1. The conditions are (1) surrounded by 20 or more Cβ atoms within 10 Å (Cβ to Cβ); (2) within 14 Å of another protein chain (Cβ to nearest Cβ); (3) touching a residue at least 40 places away in the same chain (Cβ under 8 Å), and A:A201 fails exactly one of them. Which is it?
2. Which residue is modelled with the lowest pLDDT, if the candidates are limited to segment B:1-40 and must be more than 7 Å from chain C (Cβ to nearest Cβ) and in a loop (DSSP other than H, G, I, E, B)?
3. Mind checking which residues of segment B:154-191 are without any contact (Cβ under 8 Å) to a residue 40 or more places away in the chain, closer than 22 Å to A:I198 by Cβ and out of contact with any helix residue (DSSP H, G or I) (no Cβ under 9 Å at 6 or more places or on another chain)?
4. Is segment B:100-111 home to any residue that is under 26 Å from A:T186 (Cβ atoms), in contact with a Pro (Cβ under 7 Å, 6 or more places away or on another chain) and within 14 Å of chain A (Cβ to nearest Cβ)?
5. List every residue pair whose Cβ atoms lie under 9 Å apart, where the two residues are 6 or more positions apart in sequence or sit on different chains, the first residue falls within segment D:115-132 and is over 12 Å from D:Y161 (Cβ atoms), and the second residue, located anywhere, is of a type in the set (A, V, I, L, M) and in a helix (DSSP H, G or I).
6. For C:V101, work out the one condition from (1) closer than 19 Å to C:S178 by Cβ; (2) touching a strand residue (DSSP E or B) at 6+ places or on another chain (Cβ under 8 Å) it doesn't fulfil.
7. Output yes when any residue across segment B:135-145 is farther than 30 Å from A:E144 by Cα, modelled with pLDDT of 95 or more and among the hydroxyl-bearing types (S, T, Y), and no when none is.
8. Across segment C:41-56, what is the number of residues that are among the charged types (D, E, K, R), free of Cβ contacts under 8 Å to residues at least 12 places away in the same chain and more than 7 Å from chain B (Cβ to nearest Cβ)?
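The values are calculated or read from the model by the stated rules, or taken from the named source; none is laboratory data. Bear in mind the structure is a predicted one, so any value in this text is a computation, not a measurement. With ideal geometry, Cβ positions are generated from the backbone for all residues, glycine too; neighbour counts draw on all protein chains shown.
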There are 4 protein chains.
Amino acid sequence: MNPIQKLTDYFAEFPGIGPRQARRFVYYLLTRNQNHIDEIAKLMGTLKSQVRICTSCYRFFQSENRDATLCDICSSRNRDNALLVIVSRDVDLENIERAHVHSGKYFVLGGGVPILEKEPEKRIRSNELLRTVQTRAEKGELKEIILALNATPEGENTAEYVESLLKPITSSSNIKVSHLGRGISTGTELEYSDADTIKNALNNRN
Amino acid sequence: MNPIQKLTDYFAEFPGIGPRQARRFVYYLLTRNQNHIDEIAKLMGTLKSQVRICTSCYRFFQSENRDATLCDICSSRNRDNALLVIVSRDVDLENIERAHVHSGKYFVLGGGVPILEKEPEKRIRSNELLRTVQTRAEKGELKEIILALNATPEGENTAEYVESLLKPITSSSNIKVSHLGRGISTGTELEYSDADTIKNALNNRN
Amino acid sequence: MNPIQKLTDYFAEFPGIGPRQARRFVYYLLTRNQNHIDEIAKLMGTLKSQVRICTSCYRFFQSENRDATLCDICSSRNRDNALLVIVSRDVDLENIERAHVHSGKYFVLGGGVPILEKEPEKRIRSNELLRTVQTRAEKGELKEIILALNATPEGENTAEYVESLLKPITSSSNIKVSHLGRGISTGTELEYSDADTIKNALNNRN
Amino acid sequence: MNPIQKLTDYFAEFPGIGPRQARRFVYYLLTRNQNHIDEIAKLMGTLKSQVRICTSCYRFFQSENRDATLCDICSSRNRDNALLVIVSRDVDLENIERAHVHSGKYFVLGGGVPILEKEPEKRIRSNELLRTVQTRAEKGELKEIILALNATPEGENTAEYVESLLKPITSSSNIKVSHLGRGISTGTELEYSDADTIKNALNNRN
């Protein structure tokens, strides 16, 4: 098969990309100069070797320091160890950081648990999570775990699983487990809100 | 001007209707039989005389009983007088009722207060609201007022105005004033949430 | 049933209107003053009596002259009798007039013929069309019939039916029958055009 | 700057990709295995060397035969040399091929001429086009040139420029120059068509 089609097929596997846009990517590259393309190819090839996974929150990170095992957040002295926000993916963590409202730490599950999943422990970093929470619990520094998961069926299912998974530790070390507040989000008009959102907004009134 | 155009212009003033759809309304009517049209016209003409405004919550209502001054909710013995939900419009009240989560009473402001409005008291039923709340406060039955307004600039501005308007009564009779919970609404994915929503969701975690 | 709900149901039958917007229409009317509502109701009630159907093109029209049987287009001396544009509905005729590109006459079918329709002659003004075309043909003034129908399956099916219906007259009086040009419409980008449109655009190149 | 951000910035330059989706691409790659990434990187790096530009129609193509200078269409004996379709980009050519309606040859301009462009000759392959058309004209095989450009201001401006550019050759060798048919495209409803499209559809009726 010719390289244009082959590369189109690879790009078509990128998240949110269809065959047509994938093909446009190829033609876009064909109009770049070779150095530009080589730079991208080199970055891609070395990406995994340069990017490490934080041994504490398991997010992807990069550091000049070859021996660094912790990301900038986990190694920071200014972040509160009493608060741990659990998210599904790196992009969620980054979006929360963008809001500048969380001063604590994170843990990235690396995915979610679909409803009716037989082996939920394989869909997310279950053991790593248990280890991290256990360690922090023993240090007696962890006070609250915030489950910051999507308000979708999969997100809610993931929250349930994580909560039950951590139950033994959280109850024995009485660590509070909380969920993101549900209610009306910015811009919402009551007239168009679904019953579920109105119910949450009333129950969580303040 | 010919009746087709005249009627088109009237329909074009209906909420959310442009001249083209207004014109289609007219042609739609031209294809109905006269009885059908007369029925609609009669209903429209008698609408205001048949529909009354509840003297307690100020929503529109209709009753076989000519002397009725209270809507079915305000006259019901099964609704909790301790809870008063304040909304902008009848449609908001109806949408909350659809959710079957509020067992108390309502008050319909009849509109909202735009930002920088010079005479906010004229944009909503200020005096009627004061009177209603005063009466209920004196009866000592009112415990909490819930401001159920849109999560929009106008909605928030309306909430602020209503809160300050009621301050003298609520503080002296210590009536709690609460707002709908802000947070992530059903279906929301964290990755696409704005900073403001994430902030609210974290602050209102539970 | 109460008048608010009754009127909501009627409005919900208007083209393109759902129950929610229908309800908003009712509340909108409740905020108008009675005179305004009465004016609309009166216009609706007298609409059909004031609006006549042109005995030549069968479009709806209105005239001060009680005896007028022809619309302004059909009675105009400046319109070319050699060209007859056949459309499905009044709105199509009006949209073509808006483009100021047709100097001839019109005929409004009053609908379309769905695919597989058993009795197509009942879906459109078949007899009226035959009469109109026959008359014009006998006067020897009619040179071309332009079928201006939607580029949809129903539109194409309607065109086929009308063409076969008129065949006897058009062939004997050799009246040309043409269809709107098919091709790329204003704003179209080739990259996103369907095969059918590209085919038509190439075949109808000029 | 770290490789995640660097690669995100490169992906954000891809056609139709914003910073968020670009970031998702990077995380997507981080979850692939190294071989998969290397394969993509290799394909990208060797793309330009493996893909050639046809010396006749100037589309991108690939061939096992190292010495091939013509794409499969230009080297085919089954394509009609009398017809030349001129398009802006490779994707346009591919979309026309998908429609299986053109049995002739192509020429890819490699872009378009924006309105008011001072140096149109630099925006498209002007010299290459002149050479190709000149050669074919001398062979006496070329009968018609079809300008298959977008129905947009830039597309129409490009058509005008190309037509004037080729005028000397086309008139002397009396080669017909045609444009894609303009009219209503598949699925169009007359009621929603703009005046320009209705005008074209009436003028190009057939």
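1. Failing condition for A:A201: (3).
2. By that ranking, first place goes to B:M1.
3. B:E156, B:A159, B:E160, B:S178 - these are the residues of segment B:154-191 that are without any contact (Cβ under 8 Å) to a residue 40 or more places away in the chain, closer than 22 Å to A:I198 by Cβ and out of contact with any helix residue (DSSP H, G or I) (no Cβ under 9 Å at 6 or more places or on another chain).
4. no
5. Cβ pairs passing all conditions: D:L130/D:L165; D:L130/D:L166; D:L130/D:I169.
6. C:V101 satisfies every listed condition except (2).
7. The answer is no, given that none of the residues of segment B:135-145 is farther than 30 Å from A:E144 by Cα, modelled with pLDDT of 95 or more and among the hydroxyl-bearing types (S, T, Y).
8. Just the residues of segment C:41-56 that are among the charged types (D, E, K, R), to begin with: C:42, C:48, C:52.
Adding the requirement that they be free of Cβ contacts under 8 Å to residues at least 12 places away in the same chain leaves C:42, C:48.
Now restrict to residues that are more than 7 Å from chain B (Cβ to nearest Cβ): C:42.
Number satisfying all stated conditions: 1.
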